[in-house]
1. Within the stretch 1-19, which residues are buried (at least 20 other Cβ atoms within 10 Å of the Cβ), within 9 Å of the ligand (Cβ to nearest atom) and either more than 24 Å from residue 253 (Cα to Cα) or of a type in the set (Gly, Ala, Ser) (or both)?
2. Among what's in the stretch 325-342 and is exposed (fewer than 14 other Cβ atoms within 10 Å of the Cβ) and of a type in the set (D, E, K, R), pick the residue that is nearest to residue 257 (Cα to Cα).
3. Taking helices (runs of 4 or more DSSP H) that fall entirely within the stretch 182-291, which contain at least 3 residues that are touching a strand residue (DSSP E or B) at 6+ places or on another chain (Cβ under 7 Å)?
4. Is at least one residue of the stretch 88-96 polar (S, T, N, Q), away from the ligand (no atom under 16 Å from the Cβ) and under 30 Å from residue 176 (Cα atoms)?
5. Residues 171, 156: which one is charged (D, E, K, R) and farther than 30 Å from residue 292 by Cβ?
6. Quick check on residue 69: is it surrounded by fewer than 21 Cβ atoms within 10 Å (Cβ to Cβ), over 22 Å from residue 179 (Cβ atoms) and acidic (Asp, Glu)?
7. Any residue in the stretch 276-293 that's over 22 Å from residue 200 (Cα atoms): show its pairings with residues that are among the aliphatic types (A, V, I, L, M) at Cβ separation under 7 Å, as long as the two are six or more apart or on different chains.
8. Can you tell me which condition residue 156 does not meet? The list is (1) surrounded by fewer than 20 Cβ atoms within 10 Å (Cβ to Cβ); (2) part of a helix (DSSP H, G or I), and all the others hold.
Amino acid sequence: MPAKVITRFAPSPTGYLHIGGARTALFSWAFARKMGGTFQLRIEDTDRERSTEGAVQAILDGLKWLGLEWDGEPTMQFARAPRHAEVAHELLARGQAYYCYCSPEELATMREEARAAGKPPRYDGRWRDRDPAEAPPGVAPVIRIKAPLHGEITVDDHVQGKVVFKTENLDDLIILRSDGTPTYMLAVVVDDHDMGVTHIIRGDDHLTNAARQIVIYNGMGWAVPEMAHVPLIHGPDGAKLSKRHGALGVEAYRQLGYLPAALRNYLARLGWSHGDAELFSTEQMIEWFSLDGLNKGAARFDFVKLENVNGHYIRESQPADLYEAMRSLAREVGRDFDTAGLEANKATVLAALPELQPRAKTVLELIDLAQFIYVVRPIAPDNSAIAVLTPEAKATNAGFHQVLTGLADWTVPAIDAAARSFAETQGLKLGKIAQPLRAALTGRTISPGVFEVMVLIGREEALARIGDQSSLT
Ligand code: GLU
């Protein structure tokens, strides 16, 4: 029986959880779920200057919001420094690593000479076979791994295929600094090994690191996990993803009004495919997920596509869930008026949502569309509504206001019938009645059906709003 699958996501907490990280986390998570394995989280907080508590929290919050729950407690990399040092010493004992006593000046000269000779600046291995008895006094040494001098290291990758690195291009990397702290390359290998990681799924910017890490695995005689290096996300123009093109933190997407399920679906398709399926549930994704489905070509981030996917999820969502998303987003982004309005009018918002859902692509748009429910009279019309509210339009509003005042039955069909017969008596098309009404009732030119709006806000409020914007007043 193959070993139980263990995947991991290993972010460095130096900023928010960015969209590329969220996508690799999603792939690692989906693969673990598919295989009945576990998905672990490791916070790579060894860069003490740049790692912050706030960034750790942002990563945890971002993953939770996206629905990518990890198994067990997160592993904190910095806390494991003694274990990393222990492995460095074990590599020494195994003859797979050595002390290097080079001074910074020597290293600088080495780099200069390599540059002058047109070679890549790399360590020349001068302490590799030297007797440590020759060590200069008072110098704290670093520990370097012995990279093989000849041959090749092959990264047998699920996405990239067999990628061959000539070992002469891999120098003897420092694994333990002179102050006894581990380098990143050592920490990653020791942690992945100790966590029992069977599959490493990460960005292809780590592909060269993979070759260097394999040297460390081999030095310890440890099995190398399977690897899948996923191409990075590019912008719509094919260039590196910029902020303007979507290189934002996950919380920015939340604040722009995207739903986690929509983002999961969109991110899944950004670098993975299952036939030509575009819209699928997370359950389907898990069922279909395989490393073979990861694409080799770089995916391009497309906001318009993401919006359309989000619009789909908004249409498919339950009003109760959307109401919660609207309320919590309004609160998060500090829209106090909307928060209060949504909370005081929950039942009306829930009743209105089926009308709003087809008209919105984001939760923010839903909030905007719902404002007519709790907007306070007299409504200040927006510019396009002002343009609609001509003197003739106000006269039409006044006329229909009278009709509505006498209307016994306050339902959509009754108001609809009344509007049609009023339009006929005025010799106007129905739209000529509806647009001024909409402008008066909502202060906008886009809203759910005007008759629905009237029923949702109720007779008294509707009549008052139309009265406010009619030539009768
Ligand atoms: N901490 C690394 C990063 O944030 C990832 C390391 C890895 O996945 O091996 O890019």
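1. If the condition is that a residue be buried (at least 20 other Cβ atoms within 10 Å of the Cβ), within 9 Å of the ligand (Cβ to nearest atom) and either more than 24 Å from residue 253 (Cα to Cα) or of a type in the set (Gly, Ala, Ser) (or both), then 10 is the only one that fits.
2. It comes out as 332.
3. Qualifying helices (runs of 4 or more DSSP H): 184-194, 207-220.
4. Yes, the conditions are met somewhere in the stretch 88-96.
5. Details: 156 fails: farther than 30 Å from residue 292 by Cβ.
One residue alone meets the criteria, 171.
6. It is true that residue 69 is surrounded by fewer than 21 Cβ atoms within 10 Å (Cβ to Cβ), over 22 Å from residue 179 (Cβ atoms) and acidic (Asp, Glu).
7. 279/309
8. So residue 156 meets the others, but not (2).
The values are calculated or read from the model by the stated rules, or taken from the named source; none is laboratory data. Here the structure is a predicted model, which means the values were calculated and not measured. Backbone-built Cβ (ideal geometry, glycine too); neighbour counts: all protein chains shown.
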